[in-house]
């Protein structure tokens, strides 16, 4: 791995962590903790993306120990972002947002068993409450849990994909050309 | 004041084994035992830095568990989560990043991997501070977090874009600096201050691992043969 | 003995049509301090990156011509924050970062680090966490960190940018000392008034090409002052309408008046 990509990973992971801390400044119920992972993958491929996801989870865990079981989700996100980048899905909001929604589904499918087995669906207050709502609506336990994860993941991943698209398009050509995947991800290669 | 001079890998082993055992051992006694140990460790770091954050972080889970599940499940899950939370609170309060980095280097881990963890830890406060400054600057320009979803999404974009772009621009400079300081893939870095690792601690780590495996075997494999 | 030789070197950044360096030929010998002056974007920073073997190796792009280096080089870049290793939690460890990566034995590392800390007057700060330092203090730490690696060719890109007047004076004295010890120093700086005391030769870069090479007296030349690159004394002398040759420093001006 080149030294530039090695330098990218901590920056991308720190982006995820800083954004997820800053998002309450805009009063939106988002996590944004996969922003760096998706961005790193779109810039430099799945290896860098997975490393970013793992590092993000590791450092996040130091702040809040309940994050570490979800490292699996970060890895799945990196793989999905890789597929999206290969297909050039970051070329516009029209393609990126649906791709993000798709990731929302996959991410919640992946995180539901973890949430259920490890936390009994109480991963966060929001998820717990939406799970309770699901239960009240008559959904089975796993289904209610999925409902809880889904509601938060759906929007979060779509917004994250849109953000990464904005960033990729805002990069000066000279900078984008130095990242192996950036131009392909926006369909310009 | 437990753990201050233990080898970082031992600290990690303990912080990993306690929650693992809390899950593997039969509930609720297993969870109760582990949670007690974990809370005890957290408390040994002091009330404010140790026990209080552990309790505060774990408490909401108990609340929501009660909301969703019956009492036995709540107790079983609650104890497990409390063990995990308390172990990590203790770990964060006890583990010094510098010692962990040195332990990894001394153990032969690639310097690049040690760099990834350490550099992220260093970069997070810098980016967080920058994000705060951007938010303040945007507020002065009239960007408000109030308003409809569209307005808030625009505010998010106005915050995220400068933050991410400036961070990416720095990646090149960081790469240049690393290269010139010799951190290239494949080097054998000299350990500067390797934390001492006694045979007792190494044995203890192995014992913890074996205990977890034994508990795992006892719980899942043995019943099939009985 | 030549430490660095550039022979008709041209460099293009990635995805850029026009070259950042145009047919530059330059030599730096051991024991010499060469200063690069030029307007913003003239190519001084690029030239340093090429000299440090960082362009195109790390940043990409294309290099034409040849670059020959005799010694290991170390480069001090202008922004201290991005040069901190991120892996050191005390100043001592930060300075030791480079030598440790080179795989030197522990006692060698200690010797070089202690010496570097002394030279940059950092001994009182040795156990501080780098994130608590000011820009100027951190820049001195980075300089110490590069010097601790004992490079034969030392490259500086605007090293005094974050330093106060006292810190800058210490730095210029140190650079002259480095040359005296036999190192080759290539320095890009906009602190034009310091150059007569620090540099043996001055290279004037314009649009990526070498416009002129000479002694520091170059900075009192008509064309240089026209380009805004003269020393303060020369610039003021000229602006006052006084005749050529313009004095380079206060001492020269006083001499002219007498």
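The values are calculated or read from the model by the stated rules, or taken from the named source; none is laboratory data. These numbers come from a predicted model, not from an experiment. Note that each Cβ is placed from the backbone with ideal geometry, even for glycine, and that neighbours are counted across all protein chains shown.
Considering each of B:2, B:10 in turn, give the residue that is over 30 Å from residue A:4 (Cβ atoms), more than 10 Å from every other protein chain (Cβ to nearest Cβ) and at pLDDT 90 or above. Outline the logic, then answer.
Details: B:2 fails: at pLDDT 90 or above.
On inspection, the qualifying residue turns out to be B:10.
Here's a check for you: in region A:52-66, which residue that is more than 7 Å from every other protein chain (Cβ to nearest Cβ) and surrounded by 24 or more Cβ atoms within 10 Å (Cβ to Cβ) is farthest from residue A:179 (Cα to Cα)?
A:56
In the set A:29, A:69, which member is surrounded by fewer than 24 Cβ atoms within 10 Å (Cβ to Cβ) and outside any helix (DSSP H, G or I)?
Going through A:29, A:69 in turn, the sole match is A:29.
Looking at B:215, B:199 in this structure, which one is out of contact with any strand residue (DSSP E or B) (no Cβ under 8 Å at 6 or more places or on another chain) and surrounded by 15 or more Cβ atoms within 10 Å (Cβ to Cβ)?
B:215
Whether any residue in region A:76-91 is over 24 Å from residue A:187 (Cα atoms) and either within 11 Å of chain B (Cβ to nearest Cβ) or in contact with a helix residue (DSSP H, G or I) (Cβ under 7 Å, 6 or more places away or on another chain) (or both) is what I want to check.
So far as region A:76-91 goes, no, none of its residues is over 24 Å from residue A:187 (Cα atoms) and either within 11 Å of chain B (Cβ to nearest Cβ) or in contact with a helix residue (DSSP H, G or I) (Cβ under 7 Å, 6 or more places away or on another chain) (or both).
Could you please find all residues in region A:32-49 being outside any loop (DSSP other than H, G, I, E, B) and within 12 Å of another protein chain (Cβ to nearest Cβ)? Spell out how you get there, then give the answer.
Looking only at region A:32-49, we keep the residues that are outside any loop (DSSP other than H, G, I, E, B), and these are A:35-44, A:46-49.
The answer is A:35, A:36, A:38, A:39, A:40, A:42, A:43, A:44, A:48.
Consider region C:66-108. How many of its residues are part of a helix (DSSP H, G or I), at the interface with chain B (Cβ under 8 Å from one of its Cβ atoms) and under 26 Å from residue C:56 (Cβ atoms)?
6
From the set of residues in region C:45-55 that are at pLDDT 90 or above and part of a loop (DSSP other than H, G, I, E, B), which is farthest from the other protein chains (Cβ to nearest Cβ)? I'd like the intermediate steps shown before the answer.
Here is the first cut: in region C:45-55, the ones at pLDDT 90 or above are C:45-54.
Applying the additional criterion that residues be part of a loop (DSSP other than H, G, I, E, B) yields C:52-54.
Details: C:52: 6, C:53: 9, C:54: 5 Å.
Restricting to residues being at pLDDT 90 or above and part of a loop (DSSP other than H, G, I, E, B), the top hit is C:53.
Filter region A:143-188 down to the residues that are touching a residue at least 12 places away in the same chain (Cβ under 8 Å) and in a loop (DSSP other than H, G, I, E, B), then identify the one that is farthest from the other protein chains (Cβ to nearest Cβ).
Residue satisfying both the conditions and the ranking: A:187.
Please count how many residues of region B:70-104 are in a loop (DSSP other than H, G, I, E, B) and out of contact with any helix residue (DSSP H, G or I) (no Cβ under 7 Å at 6 or more places or on another chain).
2
Could you tell me which of the residues A:179, A:146, A:90 is under 25 Å from residue B:57 (Cα atoms) and surrounded by 20 or more Cβ atoms within 10 Å (Cβ to Cβ)?
A:146
Is it fair to say residue B:155 is within 11 Å of chain C (Cβ to nearest Cβ) and either closer than 25 Å to residue A:38 by Cα or part of a loop (DSSP other than H, G, I, E, B) (or both)?
Details: within 11 Å of chain C (Cβ to nearest Cβ): no; either closer than 25 Å to residue A:38 by Cα or part of a loop (DSSP other than H, G, I, E, B) (or both): yes.
Considered against the rule, which asks whether it is within 11 Å of chain C (Cβ to nearest Cβ) and either closer than 25 Å to residue A:38 by Cα or part of a loop (DSSP other than H, G, I, E, B) (or both), residue B:155 comes out as no.
Against the condition in contact with a strand residue (DSSP E or B) (Cβ under 8 Å, 6 or more places away or on another chain), over 30 Å from residue B:97 (Cβ atoms) and buried (at least 23 other Cβ atoms within 10 Å of the Cβ), how does residue C:51 come out, does it pass?
So residue C:51 passes the test.
Looking only at region B:179-189, decide whether some residue is assigned to a helix (DSSP H, G or I), farther than 22 Å from residue B:129 by Cα and either within 14 Å of chain C (Cβ to nearest Cβ) or in contact (Cβ under 8 Å) with a residue 12 or more places away in the chain (or both).
Within region B:179-189, one or more residues are assigned to a helix (DSSP H, G or I), farther than 22 Å from residue B:129 by Cα and either within 14 Å of chain C (Cβ to nearest Cβ) or in contact (Cβ under 8 Å) with a residue 12 or more places away in the chain (or both).
Considering region A:124-136 alone, what residues qualify as being more than 9 Å from chain B (Cβ to nearest Cβ) and either modelled with pLDDT of 85 or more or touching a helix residue (DSSP H, G or I) at 6+ places or on another chain (Cβ under 6 Å) (or both)?
Selection gives A:126, A:130, A:134.
If the requirement is being surrounded by fewer than 19 Cβ atoms within 10 Å (Cβ to Cβ) and either at pLDDT below 85 or farther than 23 Å from residue B:213 by Cβ (or both), which of these qualifies: B:58, B:114, B:103, B:43? Lay out the reasoning, then the answer.
Details: B:58 fails: surrounded by fewer than 19 Cβ atoms within 10 Å (Cβ to Cβ); B:114 fails: surrounded by fewer than 19 Cβ atoms within 10 Å (Cβ to Cβ); B:103 fails: surrounded by fewer than 19 Cβ atoms within 10 Å (Cβ to Cβ).
After ruling out the rest, the residue left standing is B:43.
Give C:165, C:110 a once-over and let me know the one that is within 19 Å of residue C:189 (Cβ to Cβ) and surrounded by fewer than 24 Cβ atoms within 10 Å (Cβ to Cβ).
After ruling out the rest, the residue left standing is C:165.
Any residue at all in region C:117-132 that's at the interface with chain B (Cβ under 9 Å from one of its Cβ atoms), in a helix (DSSP H, G or I) and surrounded by fewer than 16 Cβ atoms within 10 Å (Cβ to Cβ)?
Checking region C:117-132: at least one residue is at the interface with chain B (Cβ under 9 Å from one of its Cβ atoms), in a helix (DSSP H, G or I) and surrounded by fewer than 16 Cβ atoms within 10 Å (Cβ to Cβ).
With C:161, C:144, C:168 as the choices, which residue is out of contact with any strand residue (DSSP E or B) (no Cβ under 7 Å at 6 or more places or on another chain), assigned to a helix (DSSP H, G or I) and within 22 Å of residue C:36 (Cβ to Cβ)?
Criteria check complete, one pass: C:168.
Could you grab me the full set of residues in region B:138-172 that are under 26 Å from residue C:77 (Cβ atoms) and free of Cβ contacts under 8 Å to residues at least 40 places away in the same chain? Break it down stepwise before answering.
So the first thing to find is which residues in region B:138-172 are under 26 Å from residue C:77 (Cβ atoms), and the list is B:161-172.
Answer for region B:138-172, where residues must be under 26 Å from residue C:77 (Cβ atoms) and free of Cβ contacts under 8 Å to residues at least 40 places away in the same chain: B:161, B:162, B:163, B:164, B:165, B:166, B:168, B:169, B:170, B:171, B:172.
Looking at (1) closer than 28 Å to residue B:159 by Cα; (2) within 10 Å of chain A (Cβ to nearest Cβ), find the lone condition where residue B:95 falls short.
Among (1) closer than 28 Å to residue B:159 by Cα; (2) within 10 Å of chain A (Cβ to nearest Cβ), residue B:95 violates only (1).
Is at least one residue of region A:123-142 under 18 Å from the mean Cα position of the chain (by Cα), without any contact (Cβ under 8 Å) to a residue 12 or more places away in the chain and part of a helix (DSSP H, G or I)?
no
Please go through (1) farther than 18 Å from residue C:45 by Cβ; (2) touching a helix residue (DSSP H, G or I) at 6+ places or on another chain (Cβ under 6 Å); (3) modelled with pLDDT under 95 for residue C:103 and return the number of the only condition it doesn't satisfy.
(2)
Could you grab me the full set of residues in region C:216-258 that are surrounded by fewer than 19 Cβ atoms within 10 Å (Cβ to Cβ) and within 13 Å of residue C:195 (Cβ to Cβ)?
Residues satisfying the conditions are C:217, C:232.
Kindly evaluate residue B:49 against the criterion of being assigned by TED's automatic domain parsing to the domain that holds residue B:96, assigned to a loop (DSSP other than H, G, I, E, B), surrounded by fewer than 23 Cβ atoms within 10 Å (Cβ to Cβ) and at negative phi.
When the stated conditions are applied, residue B:49 does not pass them.
Only one of (1) in contact (Cβ under 8 Å) with a residue 24 or more places away in the chain; (2) within 14 Å of the chain's Cα centre (by Cα); (3) at the interface with chain A (Cβ under 9 Å from one of its Cβ atoms) is not met by residue B:115, so which one is it?
Going through (1) in contact (Cβ under 8 Å) with a residue 24 or more places away in the chain; (2) within 14 Å of the chain's Cα centre (by Cα); (3) at the interface with chain A (Cβ under 9 Å from one of its Cβ atoms) one by one, residue B:115 breaks only (2).
Scan region A:150-170 and give yes if some residue there is surrounded by fewer than 20 Cβ atoms within 10 Å (Cβ to Cβ) and more than 24 Å from residue A:26 (Cβ to Cβ), otherwise no.
Within region A:150-170, not a single residue is surrounded by fewer than 20 Cβ atoms within 10 Å (Cβ to Cβ) and more than 24 Å from residue A:26 (Cβ to Cβ).
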